[in-house]
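The values are calculated or read from the model by the stated rules, or taken from the named source; none is laboratory data. Nothing here was measured: the structure is a model prediction, and the numbers come from that model. In this analysis, Cβ positions are derived from the backbone assuming ideal geometry, glycine residues included, and neighbour counts consider all displayed protein chains. Remember, those area values only see protein heavy atoms, side chains included, never the ligands or the DNA or RNA. Shrake-Rupley method; radii C 1.70, N 1.55, O 1.52, S 1.80 Å.
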Amino acid sequence: MDEVALDAYSGVVSSVAAALVPSVAALSVAGPPGSRRGGGSGSAVLFTPDAVPDPTGYLLTNAHVVGPATHGVVEFADGSDARVDVVGADPLSDLAVVRARSTLTVAPVQLGEADSLRVGQLVVAVGHPLGLAGSVTAGVVSGLGRSLPTRSGATARVIEDVIQTDAALNPGNSGGALADSAARVVGINTAVAGVGLGLAVPINATTRRIVGALIRYGRVRRGYLGLVSAPAPLPPDLAAKVGRRKGVRVVEVVTGSPAHRSGLSAGDLILTADRKPVTDAQGMQRLLFDDAIGRPLPITVWRRGAMVDVIAVPTEL
């Protein structure tokens, strides 16, 4: 790498750091009242939520950072701090929102769009790992479309389209920002998956919907069908007819569930849901937010050589 290229790279990373370090706070939360369990710590990103009448003082972090806590403290790189309340947390997306009790003088970050990322693209991680305030690391997007299993009680899901990066992440980076070269936050760092491998929850339309629900309701309402599914190839003749190669195979249907009542059964190959093509389990998950609860959901499946239409009515998870 020649000196000019190195200077250009350094200039981009430095400009992103200058824009984001002031807006990424260290977050400490208290343990549950009466519990011997200690609190948690990580990072949090000050942002401006969409369509909120008074969109000030909101910070985005990870659900696993706040845990069961209801309040905590944020401290910014300039030394200012504020008490915060947990507005809502969603373990199934590993996202949480906290809000400062007092007015903040720090400027919020600009949220970007993770769906426009490309493998090999420069990204910068900003957080407070290992108690080291305002730490900045840089790397590239080393993978896209990863899945991260999550659990809330007996319910298991996967976070879809997770960003994989080789920007160094350490304990305490969780809840911090992953940004592109224009200092737009495209992900919230969530996990260290191994040496030289970190994962971030993407900022996209689904994330924004989850954040909006956390702010309005304190939780995310999701629809429930009661089936286990997996991606599966379509038979060649069917693939040619519908213009794609993959569908979703129903592996198991829970007895008495909305899927069971609709007539879905193990072995069915789901082609469309809500009249939209379905090629993976995440495609089904995207349809099962609050507006799907109690609403008829048309599903087309391939069963024993024929297309079959069923109507399922999701209940609340």
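For the range 67-80, indicate whether the set of residues that are under 21 Å from Ala179 (Cβ atoms), under 21 Å from the mean Cα position of the chain (by Cα), at pLDDT 90 or above and not hydroxyl-bearing (Ser, Thr, Tyr) is non-empty. The answer is no, given that none of the residues of the range 67-80 is under 21 Å from Ala179 (Cβ atoms), under 21 Å from the mean Cα position of the chain (by Cα), at pLDDT 90 or above and not hydroxyl-bearing (Ser, Thr, Tyr). Only residues that are buried (at least 17 other Cβ atoms within 10 Å of the Cβ), in contact (Cβ under 8 Å) with a residue 40 or more places away in the chain and part of a strand (DSSP E or B) were counted across the range 217-232, and they come to 4. Does the range 206-219 include one or more residues that are polar (S, T, N, Q) and more than 18 Å from Ile299 (Cα to Cα)? Taking every residue of the range 206-219 in turn, at least one turns out to be polar (S, T, N, Q) and more than 18 Å from Ile299 (Cα to Cα). Evaluating Phe47 against the criteria (1) open to solvent by 60 Å² or more (accessible area, probe 1.4 Å); (2) modelled with pLDDT of 95 or more leaves one unmet condition, (1). Of the residues making up the range 147-157, none is surrounded by 21 or more Cβ atoms within 10 Å (Cβ to Cβ) and outside any strand (DSSP E or B).
When the range 191-203 is filtered for residues that are in contact (Cβ under 8 Å) with a residue 24 or more places away in the chain and either of a type in the set (A, V, I, L, M) or open to solvent by less than 10 Å² (accessible area, probe 1.4 Å) (or both), the ones remaining, listed by number, are Ala191, Ala193, Leu197, Gly198, Leu199, Ala200, Val201, Pro202, Ile203. Considering only the range 160-210, state which residues are of a type in the set (Asp, Glu), part of a strand (DSSP E or B) and modelled with pLDDT of 90 or more. Hits for the range 160-210: nothing passes. Of all residues in the range 113-159 being within 19 Å of Ser43 (Cα to Cα) and hydroxyl-bearing (Ser, Thr, Tyr), which is modelled with the lowest pLDDT? Per the stated criteria, the residue is Ser135. Leu214 falls short on exactly one of the conditions (1) assigned to a strand (DSSP E or B); (2) in contact (Cβ under 8 Å) with a residue 60 or more places away in the chain, and that condition is (1).
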